[in-house]
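*Asks:* Pasting a structure here, questions to come.
No value in this document is a laboratory result; all are computed from the given coordinates. Note that the coordinates shown come from a computational prediction; the quantities given were computed from them, not determined experimentally. Note: ideal-geometry Cβ built from the backbone for every residue, glycine included; neighbour counts use all protein chains shown.
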Ligand code: SF4
């Protein structure tokens, strides 16, 4: 398939965990949205979770937030190309998240949607089995109840766009994060 040329830019912010949890997390609202999704209960990165998610977050003092804007140069792409457009940045960002998570012993949050690590094989969660790739699979911020659109607009200066006519909007936005303790983290390298 022809390579999709895109212009990519990033924004980052470091916010204290207490503020981020109190002002940007609304589990009831976002879990209700997740329940409408076929991945709910069927992917290991998705809710419901069988552990204390707030307790996990409380172990960390701060969160690094990253917004990635991906603007395809072709302005007339159909929406079924979204994953092709995002994939290179998804893979790059996921790899960087895991590197930083190891570096600071933090907790990374990746992306919603298709889990790329098992190909076309159904997620092992459907059979009640453990994740086949727990080293690289992380939940999204949405899955833990965070308002990603508000995060993007208020903390990263990115207004997320959605399609209104079946074509890809002017740019797509990925938002990920890493809860951590200790000195500032550097996202770019
Ligand atoms: S890596 Fe495979 S088993 Fe793990 S969450 Fe993704 S699809 Fe499920």
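*Asks:* Name the single residue that is surrounded by the fewest Cβ atoms within 10 Å (Cβ to Cβ) among those in region 151-168 being in contact with a helix residue (DSSP H, G or I) (Cβ under 9 Å, 6 or more places away or on another chain) and within 16 Å of residue 63 (Cβ to Cβ).
*Replies:* Residues of region 151-168 in contact with a helix residue (DSSP H, G or I) (Cβ under 9 Å, 6 or more places away or on another chain): 151, 154-155, 158-160, 163, 166-168.
In the following step, the residues that additionally are within 16 Å of residue 63 (Cβ to Cβ) were identified as 151, 154-155.
Numbers: 151: 25, 154: 14, 155: 22.
Among those residues, the one meeting the criterion is 154.
*Asks:* Within 16 Å of the ligand (Cβ to nearest atom) and either within 22 Å of residue 87 (Cβ to Cβ) or surrounded by fewer than 17 Cβ atoms within 10 Å (Cβ to Cβ) (or both), is that true of residue 148?
*Replies:* On the way: within 16 Å of the ligand (Cβ to nearest atom): no; either within 22 Å of residue 87 (Cβ to Cβ) or surrounded by fewer than 17 Cβ atoms within 10 Å (Cβ to Cβ) (or both): yes.
No, not satisfied.
*Asks:* Applying the selection to region 93-105, what residues are out of contact with any strand residue (DSSP E or B) (no Cβ under 6 Å at 6 or more places or on another chain) and surrounded by 13 or more Cβ atoms within 10 Å (Cβ to Cβ)? Show your work before the answer.
*Replies:* We begin by selecting, within region 93-105, every residue out of contact with any strand residue (DSSP E or B) (no Cβ under 6 Å at 6 or more places or on another chain); these are 95-96, 98-99, 102-103, 105.
The answer is 96, 98, 103.
*Asks:* Which of the residues belonging to region 69-122 are within 14 Å of the ligand (Cβ to nearest atom) and out of contact with any helix residue (DSSP H, G or I) (no Cβ under 9 Å at 6 or more places or on another chain)?
*Replies:* 98, 115, 117, 119, 120, 121, 122
To keep it simple, each residue is scored yes or no on (1) buried (at least 20 other Cβ atoms within 10 Å of the Cβ); (2) closer than 28 Å to residue 164 by Cα.
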residue: 38; (1), (2): no, yes
residue: 50; (1), (2): no, no
residue: 69; (1), (2): yes, yes
residue: 72; (1), (2): yes, yes
residue: 88; (1), (2): no, yes
residue: 107; (1), (2): no, no
